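Reading through the structure tokens given below for one structure.
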There are 2 protein chains.
Amino acid sequence: MDEQEFLAAYDPGDFPAVAVTVDVVALTIREGVLQVLLVERGEAPFAGRLALPGGFVGDETLDAAALRELAEETGLHPDAGASRRAGAADDPGTRNGALARVHLEQLKTYGDPGRDPRMRVVSVAYLAFAPSLPDPRPGGDAAGAAWLPVATAAETALAFDHGRILADGLERARAKLEYSPLATAFVGTEFTIAELRAVYAAVWGEDLHAGNFHRKVLSVPGFVESTGSTTARGGERGGPRAKLYRAGDARVLHPPLLRPASEDGVR
Amino acid sequence: MDEQEFLAAYDPGDFPAVAVTVDVVALTIREGVLQVLLVERGEAPFAGRLALPGGFVGDETLDAAALRELAEETGLHPDAGASRRAGAADDPGTRNGALARVHLEQLKTYGDPGRDPRMRVVSVAYLAFAPSLPDPRPGGDAAGAAWLPVATAAETALAFDHGRILADGLERARAKLEYSPLATAFVGTEFTIAELRAVYAAVWGEDLHAGNFHRKVLSVPGFVESTGSTTARGGERGGPRAKLYRAGDARVLHPPLLRPASEDGVR
DNA sequence: ACAATAGTGTCTCTTAGACACTATATG
DNA sequence: CATATAGTGTCTAAGAGACACTATTGT
């Protein structure tokens, strides 16, 4: 089958000139709004246009390449220069270790001929869910990287086919919240049910009934577990202190939290 | 960002030597058993081992490459040599046009360094659902291609990381039956509810309650629509003639058909 | 005091699934 | 007639969602 072709590939001249890159749809929630990490392209093609962070795959796994690109664009590092490791999840506020808590998963691969005008590029897109991260460090690889509300980004013409990749990533994110506990990836290690509800509201773009959401979340086995403690203060304009929870051990939600108004017209 | 790297890529010497292939997990149901299309490798590495059909991506979309590979390995063709087109869905029994009814979707991309001992190969895996197809034509590209029950294939050590790809494909197929009408891709254009139930039973590996399944399928809007006619004969050992249905226009099932015993332990 | 929010109680409606039953075909 | 299957009726338990209510805090 592919054996003959592989042998042929050993001849550098015959080898099809295909570049493999990763592009990352990194999502976070800042000030209650779902935002995506975008970089501004400095050169042609699409100079000045916004694009998803990404780059070539080196001698590494695809997952590692995506994590590396995310680290380079944000200025954050998975574990400080591969030297220390402990405490990574303990100081999510610092730059070092902050990436340890992001959820990263493969989204889809885009490889239409002509999607890059210069040459054949096959891009493996990734989807990242991150808790609120500091602003990207200007000294990073990217000329200018910034978080942008997804509504704004969707209206903007992005470089290459990144508009479609972003749309696919958003749809995946919305669907994943239904049957996976990944909403916890958007909040800190300890969170209130209201914070979790804010995540769902931001991603789905609609408010959820506070009481029913509360009961539902607690009824799903392994979604969250109580820490025993509560917030130090109530709401800004009053209200009781909320109990704190941490992510449970469930990998899927049984039963799922279904999106309201999953319009029958979606068909 | 990736601009400098792309410029560097123009120098053939600098270019990272990565090959891009597609591999297809093609599933069908024959004699009530879920089967997967496998080919036997003729040469090293993994000579004699079974592998998923696949090959290099040419100057075509990834989807087209997957469809082409599937066509080459099965001896079937989407529409006879790109000349005629009409009637493709009307004669599913013939070789020409039989591929027009297969559902093909991207599964995942596998690119670990070392997954191919010869060089860096990034493989975009596809998942195909097909109605019962004729045996692969021996004169095709593949040395030997054949349909094998997935249970058998899962016990066999496949070439490369194809065992994992197959496992991922099976899990995707099982999940997709829940919320998508893709079960209809495994049967003919006209089918009975019992045939549809047999698809679910084969893919999920467990029997379903006939009565409840019947009512459930008919209650999901757009899943199936009646043709008005019935089968010519009843069951082999008696029974009434069953009504015939065709696939409806729904793209997702609302509400979904949930797998029984989605063990809470899955977590 | 007032306003805002956390968390709970309760009711209704829908649905999954178990079970039973009839109707219709084949041998 | 015996038997197998298509299709329907009905009951129960569980969950989603609407609504209402209490409790607790900050201004």
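In the range A:105-129, of all residues being more than 7 Å from chain B (Cβ to nearest Cβ) and among the small types (Gly, Ala, Ser), the one that is farthest from B:Leu62 (Cα to Cα) corresponds to A:Ala128. Within the range B:197-222, can you find the residues that are within 13 Å of DNA strand D (Cβ to nearest atom) and among the hydroxyl-bearing types (Ser, Thr, Tyr)? Residue satisfying the conditions is B:Ser219 alone. Just so you know, in the range A:143-168 the residues that are of a type in the set (Gly, Ala, Ser), out of contact with any Asp or Glu (no Cβ under 9 Å at 6 or more places or on another chain) and surrounded by fewer than 19 Cβ atoms within 10 Å (Cβ to Cβ) include one that is farthest from A:Val199 (Cα to Cα), and it is A:Ala157. Considering each residue of the range B:223-235 in turn, at least one proves to be of a type in the set (Phe, Trp, Tyr), away from DNA strand D (no atom under 12 Å from the Cβ) and within 14 Å of chain A (Cβ to nearest Cβ).
Determine the pairs where a residue that is in contact (Cβ under 8 Å) with a residue 40 or more places away in the chain, located within the range B:215-228, has a partner that is of a type in the set (D, E, K, R) and more than 11 Å from DNA strand D (Cβ to nearest atom) with Cβ atoms under 8 Å apart, the partner being 6 or more residues away or on another chain. Here the result reads B:Gly222/A:Arg267; B:Gly222/B:Asp249; B:Val224/B:Arg246, each pair linking the range B:215-228 to a residue that is of a type in the set (D, E, K, R) and more than 11 Å from DNA strand D (Cβ to nearest atom). A:Leu166 meets the conditions (1) under 30 Å from A:Arg118 (Cβ atoms); (2) part of a loop (DSSP other than H, G, I, E, B); (3) touching a helix residue (DSSP H, G or I) at 6+ places or on another chain (Cβ under 9 Å) in every case but one. The failed one is (2).
Only one entry of A:Pro256, A:Pro240 meets the criterion of being without any contact (Cβ under 8 Å) to a residue 60 or more places away in the chain, assigned to a loop (DSSP other than H, G, I, E, B) and not assigned by TED's automatic domain parsing to the domain that holds A:Ala44, and that entry is A:Pro240. A:Val150 meets each of the listed conditions (1) more than 16 Å from DNA strand D (Cβ to nearest atom); (2) in the same structural domain as A:Gly248 (by TED's automatic domain parsing); (3) aliphatic (A, V, I, L, M) apart from (2). The set of residues in the range A:243-259 that are facing chain B (nearest Cβ under 10 Å) and more than 13 Å from DNA strand D (Cβ to nearest atom) comprises A:Gly248, A:Asp249, A:Ala250, A:Arg251, A:Val252. Within the range A:242-259, being among the hydrophobic types (A, V, I, L, M, F, W, C) and within 10 Å of DNA strand C (Cβ to nearest atom) holds for A:Ala242, A:Leu244. All conditions but one from (1) assigned to a loop (DSSP other than H, G, I, E, B); (2) closer than 14 Å to A:Arg174 by Cα apply to A:Val203; the one that does not is (1). Scanning the range B:169-196 for residues that are assigned to a helix (DSSP H, G or I), buried (at least 19 other Cβ atoms within 10 Å of the Cβ) and either aromatic (Phe, Trp, Tyr) or within 9 Å of DNA strand D (Cβ to nearest atom) (or both) yields a count of 3.
The values are calculated or read from the model by the stated rules, or taken from the named source; none is laboratory data. Bear in mind that the values here come from a model prediction, so they are computed numbers and not experimental data. Because the Cβ atoms are built from the backbone with ideal geometry, glycine has one as well, and the counts that use them run over all protein chains shown.
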